[in-house]
Amino acid sequence: MKKRNVKTWAYAYAFVAPTVIGVAVLNLWAVIQSIYYSFHEAKGFAELKFVGLDNYIKLAGDMEVWRSLKNVLIYAVITVPIGVFLSLLLATLLNVKIKGKGIFRCIYFLPVVSAPAAVALVWKWLYNKDFGLFNQILSVFGITGPDWLGNPSLAMAAVAVVGIWSMLGYNMIILLAGLQDVPRGLYEAAEIDGAGPVAKFFKITIPMVSPTLFFVIVTTVISSLQVFDTIYMMFKPSSPSFKSVESIVYLFYRYTFQKYNRGYGSAIVVFLFVIIMILTLIQNKLQKKWVHYND
């Protein structure tokens, strides 16, 4: 019996080993390396020079960093609640018996398997002020469409729409898996008591799916704070609206790969890492008040 258990565990570790090794090499080592570089002057191919907290002192007084942090927080405040709510709503609608629900699930999941660069380019065309689809539709009604990406007042909203559209499919599938574990008897009992669709949604669906919903919220917040590809592909640094959408990850990219200042770039990304950790810990504490685990 002992040999069989050892063999079972050996198979289990063998199956998870590629993922664990990949995470350790591509993620964990990268985090350690970034923390190490953040305490050094690392410019181009020059040798590393220990500078202590100089990079962090510079970061604290860098208004560009704080503006980028403000941008990603605004982006997260817009995309997370709207995106998660729409994902839950779609998952609920596609969890009932309707014709062609498999096709609808595939359609909503398509953005997830699409290349982010391709998605950004398509949306950039849709937003184009001269020949974009949105402004063409508005022109039919005699309305002159705005410069969606060139107007600092509209640029963040335009990026947020792309972010919400991109996250719907992934979050919907995860929430759909959670919904399928909800006992149907609860809904039947609620119907007997006279509960309508709205009451069942808020009194049964949300409490029962709250552990899955918590996971979705945490991962969505993290991904929102790390937004990069959409901004990189849709905006040029010379655009008048660029400063209103520039993210911390884009700032890290600019200092690390364009200015070749790996030390300061690493300090920026470590700063973001700390913020994500703090927000995740806060969410973990708050979950005790609304997440219901069925033991």
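The values are calculated or read from the model by the stated rules, or taken from the named source; none is laboratory data. This structure is a prediction, so every number in the text was calculated from the model and none was measured. Quick reminder, even Gly has a Cβ in these numbers, built from the backbone with ideal geometry, and neighbours come from all protein chains shown. For the accessible areas, the whole protein counts, side chains as well, though only heavy atoms, and no ligand, DNA or RNA atoms are used. Shrake-Rupley method; radii C 1.70, N 1.55, O 1.52, S 1.80 Å.
Candidates Ser238, Ser223: the one that is among the hydroxyl-bearing types (Ser, Thr, Tyr), outside any helix (DSSP H, G or I), under 30 Å from Gly150 (Cβ atoms) and open to solvent by 60 Å² or more (accessible area, probe 1.4 Å) is Ser238.
Here is a check on your reading of the model: is Ile206 closer than 24 Å to Leu272 by Cα, in contact (Cβ under 8 Å) with a residue 12 or more places away in the chain, under 24 Å from the mean Cα position of the chain (by Cα) and in a helix (DSSP H, G or I)? For Ile206, the condition - closer than 24 Å to Leu272 by Cα, in contact (Cβ under 8 Å) with a residue 12 or more places away in the chain, under 24 Å from the mean Cα position of the chain (by Cα) and in a helix (DSSP H, G or I) - is not met.
Is there any pair linking a residue in the range 63-89 that is more than 19 Å from Val270 (Cβ to Cβ) to one that is outside any helix (DSSP H, G or I) and open to solvent by 10 Å² or more (accessible area, probe 1.4 Å), with Cβ under 7 Å and at least six apart or on different chains, and which? Matching pairs, first to second residue: Tyr75/Val227.
This table checks each residue for (1) under 28 Å from the mean Cα position of the chain (by Cα); (2) on the phi > 0 side of the Ramachandran plot; (3) among the hydroxyl-bearing types (Ser, Thr, Tyr); (4) surrounded by 15 or more Cβ atoms within 10 Å (Cβ to Cβ).
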| site | (1), (2), (3), (4) |
| --- | --- |
| Lys99 | no, no, no, no |
| Ala120 | yes, no, no, yes |
| Leu138 | no, no, no, no |
| Asn151 | yes, no, no, yes |
| Val162 | yes, no, no, yes |
| Trp165 | yes, no, no, yes |
| Gly178 | yes, no, no, yes |
| Gly185 | no, no, no, no |
| Phe202 | yes, no, no, no |
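Screening Ala189 against (1) outside any helix (DSSP H, G or I); (2) free of Cβ contacts under 8 Å to residues at least 12 places away in the same chain leaves a single unmet condition, (1). Tallying residues that are among the hydrophobic types (A, V, I, L, M, F, W, C), under 13 Å from the mean Cα position of the chain (by Cα) and crowded, with 20+ Cβ neighbours inside 10 Å within the range 80-92 yields 2. The C-beta contact set for the range 19-43 (first residue under 28 Å from Asp54 (Cα atoms) and in contact (Cβ under 8 Å) with a residue 40 or more places away in the chain, second residue open to solvent by 90 Å² or more (accessible area, probe 1.4 Å) and hydroxyl-bearing (Ser, Thr, Tyr), distance under 9 angstrom, 6+ apart or interchain) comprises Ala42/Tyr260; Lys43/Tyr260. Residues that are modelled with pLDDT under 90 and of a type in the set (D, E, K, R) were ranked within the range 263-291; the one that is least open to solvent (accessible area, probe 1.4 Å) is Lys288.
For beta carbons closer than 9 Å, sequence separation of 6+ or different chains, a first residue in the range 267-282 that is in contact (Cβ under 8 Å) with a residue 40 or more places away in the chain and a second that is outside any helix (DSSP H, G or I), the qualifying pairs are Ala267/Phe39; Ile268/Asp62; Leu272/Gln226; Ile276/Gln226.
Within this structure, Val51 passes the test of being in contact with a His (Cβ under 7 Å, 6 or more places away or on another chain) and more than 26 Å from Met233 (Cα to Cα).
When each of Val77, Val112, Val72 is tested for being at pLDDT 85 or above, open to solvent by less than 60 Å² (accessible area, probe 1.4 Å) and out of contact with any strand residue (DSSP E or B) (no Cβ under 9 Å at 6 or more places or on another chain), the lone residue that passes is Val72. Meeting the requirement of 2 or more residues that are farther than 30 Å from Asp181 by Cβ and among the hydroxyl-bearing types (Ser, Thr, Tyr), the helices (runs of 4 or more DSSP H) wholly within the range 44-141 are 63-93.
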